[in-house]
1. Does segment 336-347 contain at least one residue that is part of a loop (DSSP other than H, G, I, E, B) and among the aromatic types (Phe, Trp, Tyr)?
2. Here are some conditions: (1) out of contact with any strand residue (DSSP E or B) (no Cβ under 9 Å at 6 or more places or on another chain); (2) of a type in the set (Phe, Trp, Tyr); (3) within 28 Å of VAL396 (Cα to Cα). TRP320 meets all but one. Which one does it not meet?
3. Within segment 132-155, work out how many residues are outside any strand (DSSP E or B), on the phi < 0 side of the Ramachandran plot and crowded, with 21+ Cβ neighbours inside 10 Å.
4. Residues that are among the acidic types (Asp, Glu): list the helices (runs of 4 or more DSSP H) wholly contained in segment 36-100 that include at least 1 such residues.
5. Answer yes or no: is there a residue in segment 281-288 that is within 30 Å of VAL390 (Cβ to Cβ) and surrounded by 14 or more Cβ atoms within 10 Å (Cβ to Cβ).
6. Here are some conditions: (1) buried (at least 18 other Cβ atoms within 10 Å of the Cβ); (2) touching a helix residue (DSSP H, G or I) at 6+ places or on another chain (Cβ under 6 Å). ASP161 meets all but one. Which one does it not meet?
7. Any chance segment 335-349 includes a residue that's within 20 Å of ARG22 (Cα to Cα), in contact with a Phe, Trp or Tyr (Cβ under 8 Å, 6 or more places away or on another chain) and outside the structural domain of GLN425 (by TED's automatic domain parsing)?
8. Looking at (1) assigned by TED's automatic domain parsing to the domain that holds ILE309; (2) under 23 Å from the mean Cα position of the chain (by Cα); (3) hydroxyl-bearing (Ser, Thr, Tyr), find the lone condition where THR122 falls short.
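The values are calculated or read from the model by the stated rules, or taken from the named source; none is laboratory data. As the structure is a prediction and not an experimental result, all values here were calculated from the model. Note that we place each Cβ from the backbone using ideal geometry, even for glycine, and neighbour counts take in every protein chain shown.
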Amino acid sequence: MTQQIDLLVIGGGPAGYAAAIRARHLGKSVVVAEKTRVGGTCLNRGCIPTKALLESAHYYGSLTSATAKKHGVTVEVQGLDYSQVVKTKDQIVSRMVGGLEFLLDKREIRVINEEARFLSATEVAVGDETFKPGNILVATGTVPFVLPNLPIDGERVVDSDQLLDRDSLPKSLVIVGGGVIGCEFATIFSSYGVEVTIVELMPQILPPEDAEVSQTLTREFKKRKIKVLNDAKVEKVRCEADHAVVEVDHKGRSVEIETELVLVSVGRKAVVPQGFPGEINQRGYIVVNEKFQTAVPNIYAAGDIIGGIQLAHLAFEEGWAAVNNMFGQPARNEWFVPSCVYTSPEIASVGLTEARAKERYGEIITAKYSLKGNAKSVIAGEDSGFVKFVATPDGVVRGVHIIGPQATELISDAALGLEQGLTLQQWAEVVYPHPTVSESIKEAVLSGLGIGLHSL
């Protein structure tokens, strides 16, 4: 029997479950089709498990760091049980997934753990059930992209999903791809003493980030003995009995790197439901309009499946907006979206980089404050970063970039400022507490106005 409901959500990740919850706010009947567990890549295989591993790495690093000894703390670390690290990660993920399942159940949102397939533009099969929803939201996300010349074998060559589940540390790791995933894993594994090499095709790691931020992270990586090869292409990987040999073209020079493990993190590809009747672009992503509506009027799509910026917090907003559009509620389609990279040091940004601001506006103003002048950063022994503002001559802020301690927390302040269209002059009126890392934001603003308090 075909079942009638107001909304069928295909995919239970950030875009999908946010949409489902929003539809229930509006009193609509909702079913979520999720073939594994709710939470999507973010909760199960991305944001949350990697941050759990980073937290464990932070504990280990703080005990063995020179900063601890500098503060008079001498600790003898007897060893590392990495299997316990992975177990803790799994427990955290399980707790968060369970909490989300409880939340959806209490909101009377039915979740079916089966794969969905389109029978037509109006009917969808989920397992052995058939639905004819008033509206459909596709939020099926992405999976790791595989290069033709770098096949994943799950042993010597792995993707990010497989690396998360390994319960032992390799002695050495080559990371193919210096994007967010690659750089975060470099931070995690180098913290445990693994010899890490990053091979990045572009001239800088974290290509979308401001050039100065990338340069600073590269210097800090080198201090941590992480090798970074920019302008480098992996030609081939030869797998031996107990190691792999990575053949790299580095700026026209052939280099061979022997390693125990290779991580391929070169991006992700869209997962489109079987029988999807809408339009797909050349990169494999679903095409939507400004309302997140596909070429089929009753079918919408949101989150990573539509390409663009692939971040969980943007997926929340897109799923929410798609539902508002379906049911006649006010909705946005553009936001100032903060980007966070949980490396050491942390990186966060919102708005335009200096290079992109110059392309768009021509003349710009940049203002930078080094954390070497920030007392809280100096106390923590994490003063290698900076806060950088990019503004137009009228003082309107177009971008903010932070590298340093607590950057991923501080960027929300900057996102609010950009949303409100604040100028440097208006931002300078805000009182920041002292001593904090956050006051470096105001110091950067004052510097841009030529009236620095703790800077020249």
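1. There is at least one residue in segment 336-347 that is part of a loop (DSSP other than H, G, I, E, B) and among the aromatic types (Phe, Trp, Tyr).
2. (3)
3. To start, the set of residues in segment 132-155 that are outside any strand (DSSP E or B) comprises 139-141, 145-155.
Those still in the list that are on the phi < 0 side of the Ramachandran plot too: 139-140, 145-153, 155.
Now narrow it down to the ones that are crowded, with 21+ Cβ neighbours inside 10 Å: 139-140.
Residues that pass the stated criteria total 2.
4. 47-64
5. Yes, there is a match, as at least one residue in segment 281-288 is within 30 Å of VAL390 (Cβ to Cβ) and surrounded by 14 or more Cβ atoms within 10 Å (Cβ to Cβ).
6. Every condition holds for ASP161 apart from (1).
7. no
8. For THR122, the exception is condition (2).
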